[in-house]
Amino acid sequence: MKEMVKTAGFFAAHALWSVSDCEGFTPIMGTLNAEGEQTLGRLVGETKDVLRMAKSIYAKLADNDHGGAFVQDGYANLDTGRIDAVVVNVMFKQDESKRVQFLIPYRRFDHAQGFAVHRVKISDLQGFESDDQQWMIEMFFEGLESHPEGGKIWSDQYEDQPLTESTQSSASSESVIELTASDFEVLQRVPFVVFFLVAGADGEVDKKEIVKFMKIMAGKTSFEHPLLNQIIETVRDDMEEMSMSMQKEGVNYLEELEAVRAIVDRSLTPEQANAFKISLFKLGQQIAEASGGLFGFGAKIGKEEEMVLRVIAGTLEIKA
């Protein structure tokens, strides 16, 4: 397993080399067989096709092979905010109950301060003890530093975690909110509108994504705005029916989102309205993180979902 983690670090360094002077990189799938031979291939296509190809490559490994690593461009949610990241999913063929996901946050090459890489973090650990993280990080770095170009980039352009101020509003939303019955009926649909926009970023929405969405809605006891809490509580018992109904209707989700913006802008104070819009955006982030996934890992937000989130923020006219 140590050799597989080391190899994953090498593959991650290859990805860092790619993003150091251009925007993003093509997802890659690397493997390590029982004889210690590496394979590394770029996967070109739509998100669903890339995931299918990666799974196919992994499935062809023999039981005594070490495993595989799927490396893609994504995002990391740090205490300082969201940032681009190389996402490395590592699977172990000899014990498929175990897996680990590494994130390498980075500052884009076109940033005013130039490209930089930040502290590696383990974001998902399954089947291991917490004490195993130490040797995992050590082996991952050993592999990373062995890559001629990527290792040098890591050494020369490393900076500790970025320090940025939160751009999200802390506006109070405690005032009384009054809505007409017809307006509230429109607002009841907005969680589903956000879901179908985000989950459909890759061109399709399947039943598994709907189930994950319903778990988010059922498991969240308190969202960040009282109006959203009220909406969720109202539709909680009808989520499956509403999801299926809206999926069949052929709804124009952006038009519905514009209608929601108009309602809250005329019915709430500017501070209340913006706080509500931000809560919808954060719901979209949760959905994006839960959608898709590969080899049992908790999914991270991909570029397609990020583009949709930007469209949502723009349509709602969220103010920083």
Computed over the chain, the relative contact order (Cα-Cα under 8 Å, seq sep at least six) in percent reads 18
Placing each pseudo-label 7 Å from Cα in the direction of the beta carbon, Lys215 and Glu159 end up separated by a distance in nanometres of 3.7
Taking the alpha-carbon centre of each part, the distance from segment 5-22 to segment 26-43 in Å is 12
By the Cα gyration tensor axes a ≥ b ≥ c (a/c under 1.5 gives rounded; else a/b larger than b/c gives prolate, otherwise oblate), the shape of the chain is prolate
To the nearest 10 degrees, the tilt of helix 226-235 (Cα long axis) against the first principal axis of the alpha carbons of the chain is 90
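With each run of n ≥ 4 DSSP H residues scored as -39500 (n - 2.57), what mean residue ellipticity at 222 nm is computed for the chain after dividing by its residue count and rounding to the nearest 500 deg cm²/dmol?
My calculation for the chain gives -15500 deg cm²/dmol from helical runs alone.
Taking the Cα centre of the chain as origin, work out the dipole magnitude from +1 charges on Lys and Arg Cβ and -1 charges on Asp and Glu Cβ, in debye rounded to 20.
Taking the Cα centre of the chain as origin, the dipole is about 220 debye.
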One would report the antiparallel percent of DSSP beta bridges in the chain, rounded to the nearest 5, as 95
So for segment 1-54, using the alpha carbon gyration tensor with a ≥ b ≥ c as root eigenvalues (a/c under 1.5 gives rounded; past that, a/b versus b/c decides prolate or oblate), I'd call it oblate
Looking only at lysines whose Cα falls under 17 Å of Lys48's and that sit 8 or more positions away or on another chain, we get Lys207, Lys208, Lys300, Lys303
FRET efficiency for Glu138 and Glu240 from the Cβ-Cβ distance with R0 = 35 Å, rounded to 0.05, comes out at 0.15
Straight-line reach check, Lys6, cutoff 19 Å on alpha carbons, 8 or more apart in-chain or any other chain, hits among lysines -> Lys93, Lys98, Lys121, Lys152
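None of the figures in this text is laboratory data; all of them are computed from the coordinates on show. Note that the structure is predicted; figures quoted are calculated from it, not measured. Reconstructed Cβ throughout: ideal geometry from the backbone, glycine too, with neighbour counts over all protein chains shown.
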